[in-house]
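Since the structure comes first, as structure tokens, the remarks are kept for the end.
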């Protein structure tokens, strides 16, 4: 099946001439710590260690920490501290992946523009669109192991949905499980949509801003602005229109957990749950993909005009 895909879409092939060229560049290896976290058992071991550290910390200075951060240490005094630690490591991997994609893809394009080798690439039989897609595929392969562990931990996190459904049924506050499953699907698709959006915005910044360093700064600024706007809009909705209330404010900086939290939060009515699920789909899948497609097409137009 993969061979059929690579024949139809040659830019997916790791042996593509441009992909082989990019593979010889710097910025290929992931940091050792991130590589260790891509192994499920190693990640679980780090999570248990992190749980133990917070447990010991809370034993010696619980009152002081609780005054500054009320109830923050309570999960680490229970067996649930390890899953919470896994969630913390998941967040670290998530942000590292988005920043790494932004950094590496901007470098791969801006370095060619700065060294004027982009003109040489345009003399090859490949279109500007295919060249950029090959570069995106190379970066995707670099971060594949991180994406895999992110999807694995999210798939395990989806077990909260049937648990929540059983609790709601037992308390006669049962909601539509089908819509919760849709929100769970959004939770799984979100890393892919965000990675595509960040990659496309990085390509666009590479052609808008000259110089490797400034292109990276521009990519960080553009990605942070767009990502922050989506997070802020979804956070405001959760605060004012969903049962989460002020808890939705915490999901502005942690919006990669919003879809899962939404899926396990009981609805006030069927209409509210439908609207909330629609907002999750729009903010965490449809808009990021649409922005990514728009940014990629804009980058291709600039790439074709750059000689």
What number of residues within the range 14-31 satisfy the criterion of being at pLDDT 85 or above and under 24 Å from the mean Cα position of the chain (by Cα)? 3
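So that you can scan it fast, the table gives a plain yes or no per residue for (1) at pLDDT 90 or above; (2) under 30 Å from residue 56 (Cα atoms):
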| position | (1), (2) |
| --- | --- |
| 70 | no, yes |
| 73 | no, yes |
| 77 | no, yes |
| 84 | no, yes |
| 90 | yes, yes |
| 97 | yes, no |
| 102 | yes, no |
Select from the range 170-181 the residues that are in a helix (DSSP H, G or I) and surrounded by fewer than 18 Cβ atoms within 10 Å (Cβ to Cβ) and write down the one among them that is modelled with the lowest pLDDT. 170
Candidate set: the range 123-169, residues that are more than 25 Å from residue 33 (Cβ to Cβ), touching a helix residue (DSSP H, G or I) at 6+ places or on another chain (Cβ under 7 Å) and in a loop (DSSP other than H, G, I, E, B); chosen: the one modelled with the highest pLDDT: 126
Neighbours by Cβ (under 9 Å, 6+ apart or cross-chain): first from the range 281-294, more than 15 Å from residue 187 (Cβ to Cβ); second surrounded by fewer than 17 Cβ atoms within 10 Å (Cβ to Cβ) and at pLDDT 95 or above: 289/192
Which pairs do you get when a residue that is surrounded by 13 or more Cβ atoms within 10 Å (Cβ to Cβ), found in the range 6-32, comes within reach of a residue that is modelled with pLDDT of 80 or more and not in a helix (DSSP H, G or I), reach meaning Cβ atoms under 7 angstrom, with the pair 6+ apart or on two chains? 6/13; 10/16; 18/126; 19/13
Selection from the range 35-45 of residues that are in a helix (DSSP H, G or I) and surrounded by fewer than 18 Cβ atoms within 10 Å (Cβ to Cβ): 35, 36, 40, 41, 42, 44, 45
I'd like to know if the range 228-247 contains one or more residues that are free of Cβ contacts under 8 Å to residues at least 12 places away in the same chain and over 28 Å from residue 159 (Cα atoms). yes
Looking across the range 216-241 at residues that are closer than 15 Å to residue 275 by Cα and at pLDDT 85 or above, the single one that is surrounded by the most Cβ atoms within 10 Å (Cβ to Cβ) is 238
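The values are calculated or read from the model by the stated rules, or taken from the named source; none is laboratory data. Bear in mind that the values here come from a model prediction, so they are computed numbers and not experimental data. Methodologically, a virtual Cβ is constructed for each residue, glycine included, from the backbone with ideal geometry; neighbour enumeration extends over all protein chains shown.
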